[in-house]
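In what follows, a single structure is set out as structure tokens and then discussed.
Every number here is computed from the coordinates shown, using simple stated rules; none is lab data. Just so you know, these numbers come straight off a predicted model, no measurement behind them. Here the Cβ is made from the backbone with ideal geometry for all residues, glycine too, and neighbour counts use every protein chain on show.
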Amino acid sequence: MRIEDANIVAALPDLGVELGRGASLAELTSLGIGGTTDLLRIKNHESIASLLNLLDSGGVPHRFLGGGSNLLVGDGELPWVVLQLARPNPDIVLEGNVAHVDAAADLGRTVTYCAKHDLGGMEGLIGVPGTVGGALRMNAGAYGMQIGSYVREVKLYRAATRKIEILRGEQISFEYRHTSFAPDDMMLAVKLELPSKPYKEILQGIRICNEKRRSSQPLGQKSAGCIFKNPPGASAGRMIDELGLKGLSVGDARVSDRHANFFVNAKKASAKDMLALVAGVRERVHWAFHVELEHEVVIWNA
Ligand SMILES: Cc1cc2nc3c(=O)[nH]c(=O)nc-3n(C[C@H](O)[C@H](O)[C@H](O)COP(=O)(O)OP(=O)(O)OC[C@H]3O[C@@H](n4cnc5c(N)ncnc54)[C@H](O)[C@@H]3O)c2cc1C
């Protein structure tokens, strides 16, 4: 979608918003799939309410983009614009055991920065791409930990009140790849309370997690991590593997040979290919195991 309304375009600079015309979502997502739309980069949290009022009054729908590592975006000209937070400098400030982190901060860098200051707990998140905002929204986790366990406060733009608010950790429910935030809430910053641990010990944990990832995931290929959530007490990847579906392809969309719950874009897969592969695998799992797999990847298809 291109913003045609000249009043909106003229108001953006004063709001500290940078307009990127016709951005390619294939270039902004780890899966390398997705059409084009206008991209609005927000440099100032305080202008978000005005920006959203402006877009709403002009009838311009929007979506929030973090690092694009958990997204499967539709092909062609997209029917909404994309909002993304610009990364401030600094994006992490430490105060004792509390890390004040901007939502635009890179998750991996946050883990290593805190580690270097003897703050641990998040070792499992090393190797999870994307931003801290995306990780909060998804309650990203791995190897028995999840980011939600360390959240003391979240600063967010709440769609319901159209204001920036602070929520305490205990007001938010963090479940397996699910949070109680409303779909239109925008994460702006977080206070993480982390346990003290010597750097060397954290580094050892990080190395173990890195090794586990390297030995089980197709890290050199374009993917969005796990496509499906694990059903209670079971593994989506194991079910797909047991059905012999590793290597199954639709066009250039392919079930990874290395990890059956990672679907990769082998070359120039379209969203249509990837969606057909996802639907096909889901159907076969349902047929064989009577289990309805839920998507872990967020699908933006119109
Ligand atoms: C190789 C690989 C390995 C992965 N391993 C893991 C893993 O072990 N564990 C795991 O949990 N995930 C994993 N993932 C998935 C992904 O990295 C995480 O879900 C990550 O937290 C998504 O963050 P993002 O910034 O990229 O979000 P995006 O992909 O940009 O967005 C995901 C969702 O969050 C929303 N969102 C993003 N930023 C904001 C914001 N500021 N405010 C409100 N909503 C927002 C988007 O609208 C969208 O709905 C992996 C992905 C890859 C490619």
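The spacing between the stretch 70-142 and the stretch 1-60, judged by their C-alpha centroids, is 21 Å. GNM on the chain, alpha-carbon springs under 10 angstrom: the most fluctuating residue among His45, His62, His286 is His286.
Annotation note: GluC sites (Glu not before Pro) in the stretch 230-302 located in DSSP loop regions with a Cβ neighbour count of at most 15 within 10 Å are Glu292, Glu294. If you model the chain as an ellipsoid using its alpha carbon gyration tensor, with each semi-axis the square root of five times an eigenvalue, the axes come out at 30, 27, 16 Å, biggest first.
For the stretch 229-302, a crude dipole built from +1 on the beta carbon of Lys and Arg and -1 on the beta carbon of Asp and Glu, taken about the Cα centre, is about 220 debye to the nearest 20. Annotation: lysines with alpha-carbon distance below 28 angstrom to Lys197 (same-chain offsets under eight excluded): Lys116, Lys155, Lys212. The dipole here belongs to the stretch 153-302: it is taken about the Cα centre, uses +1 on the Cβ of Lys and Arg and -1 on the Cβ of Asp and Glu, and is about 540 debye.
Annotation for Ala288 and Glu27: the two label points, set 7 Å from Cα along the Cα-Cβ direction, are 4.0 nm apart. Normalised by the number of residues in the chain, the mean separation of alpha-carbon contacts (under 8 Å, six or more apart) gives a relative contact order of 17 percent. Would you work out which of Gly130, Ser69, Gly120 lies farthest towards the positive end of the dipole of the chain? Charges go on Cβ: Lys and Arg +1, Asp and Glu -1. Projecting each Cα onto the dipole axis, the largest value belongs to Gly120. The magnitude of the dipole of the stretch 8-81, with charges of +1 and -1 set on the Cβ of Lys/Arg and Asp/Glu and taken from the Cα centre, is near 100 debye. Taking amide H as placed 1.01 Å from N in the peptide plane, the amide H of Phe263 sits under 5 Å from that of Ala224, Ile227, Ser256, each at least 5 places away or on another chain. Pull up the cross-link candidates among the aspartates and glutamates for Lys272, meaning alpha carbon to alpha carbon under 13 Å and not fewer than 8 places away within one chain. Within reach: Asp75, Asp252.
The trypsin sites (Lys or Arg not before Pro) of the stretch 260-302 that meet both conditions, a loop assignment by DSSP and at most 14 other Cβ atoms within 10 Å of the site Cβ, are Lys267, Lys268. If each Cα of the stretch 24-162 is one equal point scatterer, what is log10 of I(q)/I(0) from the Debye formula at q = 0.09, 0.21 Å⁻¹? These q points yield log10 I(q)/I(0) values of -0.30, -1.34. Under the criterion of Cα pairs below 8 Å and six or more residues apart, the relative contact order for the stretch 142-215 equals 33 percent.
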